[in-house]
Amino acid sequence: MRCGTLHSAAYDDMPYTRGGAVDRTEVGALVRSAVDGDAAAWKALVEGMSPLVWSVVRAHRLSDADGHEVYQTVWFRFAQHLGRIREPDKAGSWLASTARHECLKVLRSLTRLTLTDDPRVLDRASDDRTPEESLIDSEEAADRAERLRRLWQELDGMGERCRQLLRVLVASPPPSYGEISAALGIAVGSIGPLRQRCLRRLRARMDARGAA
Amino acid sequence: MNDDHRFPEPGATDQELTDSLLEEELRQAAAVLDPVPDDLLQLALDAYALHDLDARIAELTFDSLVDALPVRGVPDAPRMLTFSAGEVTVDVEVTEDGLIGQVLPPQSARIEVLGGPQTARPVTADTLGRFTSDTPPAGPFALRLRTGAEVIVTEWLRA
């Protein structure tokens, strides 16, 4: 899918868009280089894997404050364990799994769960535009941006299983099924069929919305 | 990425192609509408400074949040944590008022509370390894212990 307007100047240098900094096959090599003191390798790891970690945090619908702390905890612990990770090639799964467990701990520690009806999620997609969002909101990109916002809102309204799967699935660069499995605690074999079902359900929601 | 078939091969059905296109649209939406906040990205970059091969890691072996049965009628029970590095154990209790802890076997240690790559705050410890901090950790924290011979750092944890 090419969409020139979205790939305008502000996003050309996003390190984690498709074809971004980290090819998953290089993860193990980057980890080993980082262990040996290569700061550029660490930077590539952070930039390449942060969207995955973030997607896990967001999939669990933590508050901003909790989510930020989980994200930091995951990266602090990853840095701490860097030279001791048994399977460097699977660092993505390590990060995803650590993020998941920290998210579950947060949810467990909350006396009052605010899993749904979180107005901020919708606000983020409608009213509280970041400067970056405003930038793409130029005339020629308006339709495109509007469709993406609708998609995001429809995703937010889906059931937990689909919402979580799709949020992690669409991290950039695309996570492997092993990483998604670690992020959500679901079997690798169930991801393909679930993905298909959820994408089709989302499309149906979009169609229904268009018809309304 | 070779464990999935998300991206259509030649000959893929229209349905699969449509699925993949929608997934790509969602990926764009995620990148534009819900990106990793810049300040978090920077914190993760800075976290490289926490990479320290000389320190031993004390792993979390007990967390009351996960391992303890909830106590009826005690809504705000303090969080109890145990970290272990070989024969050395650190028990920590996190309360609203701060930290209380004990190094076992009892021994004198210099102890700091880390709050990130640039934040280290010494805590008072006695010769038996009992320590207190009257500042509750704000966000992720780790304890760094310097005993006679070695440096031990507890696993990073969100209080």
For the range A:161-212, the percent of accessible surface on carbon and sulfur atoms (probe 1.4 angstrom, ligands and nucleic acids excluded) is 53 percent
Heavy-atom accessible surface buried between B and A, both sides counted, 1.4 angstrom probe, nearest 100 Å², is 6000 Å²
Output field shielding_mean for A:43-50 (other chain Cβ, 10 Å radius) holds 4
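How much accessible area per residue does the range A:36-110 have, counting only protein heavy atoms and a probe of 1.4 Å, in square angstrom?
On a per-residue basis, the range A:36-110 sits at 32 Å².
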Computed ³J(HN,Hα) along the range B:27-36: with the Karplus parameters 6.51/-1.76/1.60, θ = phi - 60°, integer Hz and x for glycine or proline, the list is 5, 5, 4, 4, 5, 8, 9, 9, x, 5
Of the accessible area of the range B:52-158, computed with a 1.4 Å probe and all protein chains kept, carbon and sulfur make up a percent value of 53 percent
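Return the loop-located GluC sites (Glu not before Pro) in the range B:25-134 (DSSP other than H, G, I, E, B) with at most 10 other Cβ atoms within 10 Å of their own Cβ; answer none if there are none.
On the way: sites: B:GLU25, B:GLU59, B:GLU87, B:GLU93, B:GLU96, B:GLU112; in loops: B:GLU87, B:GLU96.
Of the GluC sites (Glu not before Pro), the ones in loops of the range B:25-134 whose Cβ has at most 10 other Cβ atoms within 10 Å are B:GLU87, B:GLU96.
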For the range B:8-51, the accessible surface attributable to carbon and sulfur atoms (probe 1.4 angstrom, ligands and nucleic acids excluded) amounts in percent to 56 percent
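Rounded to the nearest 500, what is chain B's calculated 222 nm mean residue ellipticity when only DSSP H runs of at least 4 contribute -39500 (n - 2.57) each, over all residues?
On the way: 3 runs with 33 residues, N = 159.
It lands at -6500 deg cm²/dmol.
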For chain B the mean separation of alpha carbon contacts under 8 Å (6+ apart) over residue count, i.e. relative contact order in percent, is 18 percent
Averaged per residue, the 1.4 Å probe accessible area of the range B:25-157, protein heavy atoms only, in Å², is roughly 49 Å²
Buried by partner chains in the range A:152-198 (accessible area down by at least 20 Å² vs chain alone, 1.4 Å probe, heavy atoms, protein only) are A:TRP152, A:ARG167, A:LEU169, A:VAL170, A:SER172, A:PRO174, A:SER176, A:TYR177, A:ARG195
Inter-chain shielding metric for B:51-63, i.e. average beta-carbon neighbours from other chains within 10 angstrom, reads 2
Quick tally, 1.4 Å probe accessible area for A:HIS101, A:HIS60, B:HIS51, sorted with the most first, runs A:HIS101, B:HIS51, A:HIS60
When the charge dipole of the range B:8-51 is computed with +1 at the Cβ of Lys and Arg and -1 at the Cβ of Asp and Glu, the Cα pointing farthest to the positive end, of B:ALA31, B:LEU17, B:LEU41, is that of B:LEU41
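The values are calculated or read from the model by the stated rules, or taken from the named source; none is laboratory data. Since the structure is predicted, the reported quantities are computational estimates derived from the model, not experimental observations. Note that each Cβ is placed from the backbone with ideal geometry, even for glycine, and that neighbours are counted across all protein chains shown. To get the accessible areas, we keep the full protein, side chains included, count just its heavy atoms, and leave off ligands, DNA and RNA. Shrake-Rupley method; radii C 1.70, N 1.55, O 1.52, S 1.80 Å.
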